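Below is one structure, written out as structure tokens; the observations come after it.
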Amino acid sequence: MRRPGLAAFTLAAVTVPLLTVPATTASAGTLAGPTAAQLLARAGQGCTVVSHGKYATDDDTSSTVNICKAGSAFVWKADLDVDCDGVQTSHCNHSTDPWYQDQTSFQTSKGKSFTADVTHYFVIPLPSSRFSYKSNGIKPGSVAAVIYNNKVVYAVFADEGPSNIIGEASYATAQALGINPDPANGGVDSGVTYIVFPGQVPSPVETNSVIDSKGAAAANAFVNS
């Protein structure tokens, strides 16, 4: 679990017109989700802080990040530290990642830990007095839109992080976003938005194409709510 000193950013509340997004179909036959701009606009509309206290993005940074709620979704803006935990691969192991753990908090449909350099997954802090994902209906495997530099990647909740630190996603998620996925020195120190759709769990939970389909449907419903 990578936690070097990285800068934290808070989610700013923005009032914007509600955008209606038609449910279009992608060329591969899967439902196309909203753009990054559409998701960010909806996330900034009436996003009410629900965390009781702020999170840090790393051990040596101040606590500046809130979790807020926009409609039925939970939103935060932070950094992205690269999580390589789970099944050992050539990219993710004790040699490549000083913080490597060979398991994730939750399991795939096959009863195994996730594979960080394959599945798009993200991390939520352990439940605490600040915020409890359990108390807010966020089930293991819930899908989220992870946004960076106008790119959207759908990912599932597969691992837990420290109760006071936020902003982490898998090797595969970072790579798909165009972020350096190296677990030792990759990641990005700001500008990543996480929009979590509670209870929207793909099946099988580890398959990226299924994650994309579930995520796009949830994101369309969110933007049009």
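Just so it is clear, none of the values below were taken in a lab; they were calculated from the coordinates. On a predicted model such as this, the values are computed, not experimentally measured, just so you know. Methodologically, a virtual Cβ is constructed for each residue, glycine included, from the backbone with ideal geometry; neighbour enumeration extends over all protein chains shown.
The value of relative contact order for the chain, using C-alpha pairs under 8 Å at least six residues apart, is 27 percent.
Only Cα pairs under 8 Å and 6+ residues apart enter the sum, and on that basis the relative contact order of the stretch 95-215 stands at 33 percent. Per-residue packing, averaged as other Cβ atoms within 10 Å, sorts the ranges 141-148, 201-208 into the order 141-148, 201-208, beginning with the highest. If only the Cβ of Lys and Arg carry +1 and only the Cβ of Asp and Glu carry -1, the dipole of the chain around its Cα centre is close to 860 debye.
Specify the residue with the greatest mean-square fluctuation among 214, 112, 77, computed from a Gaussian network of the chain linking alpha-carbon atoms under 10 Å apart. In this elastic network of the chain, the residue with the biggest mean-square fluctuation among 214, 112, 77 is 112. Structure remark: mean-square fluctuation, Gaussian network model of the chain, C-alpha springs under 10 Å; the largest value among 61, 104, 115 belongs to 61. In the chain, helices alone account for a calculated mean residue ellipticity at 222 nm of -4000 deg cm²/dmol, with every DSSP H run of four or more residues adding -39,500 (n - 2.57).
The ranking of 84, 68 by Cβ neighbour count inside 10 Å, starting from the fewest, reads 68, 84. Say the cut-off is 29 Å between C-alpha atoms; which of 54/134; 112/134; 54/110; 54/112; 69/214 go over it? Among 54/134; 112/134; 54/110; 54/112; 69/214, the Cα-Cα distance tops 29 Å for 54/110; 54/112.
Highest mean packing comes first when the peptides 121-132, 165-176, 90-101 are listed by Cβ atoms within 10 Å, giving 165-176, 121-132, 90-101.
Taking a ≥ b ≥ c as the square roots of the eigenvalues of the Cα gyration tensor of the stretch 36-223, is the shape rounded (a/c under 1.5), prolate (a/b larger than b/c) or oblate? Rounded.
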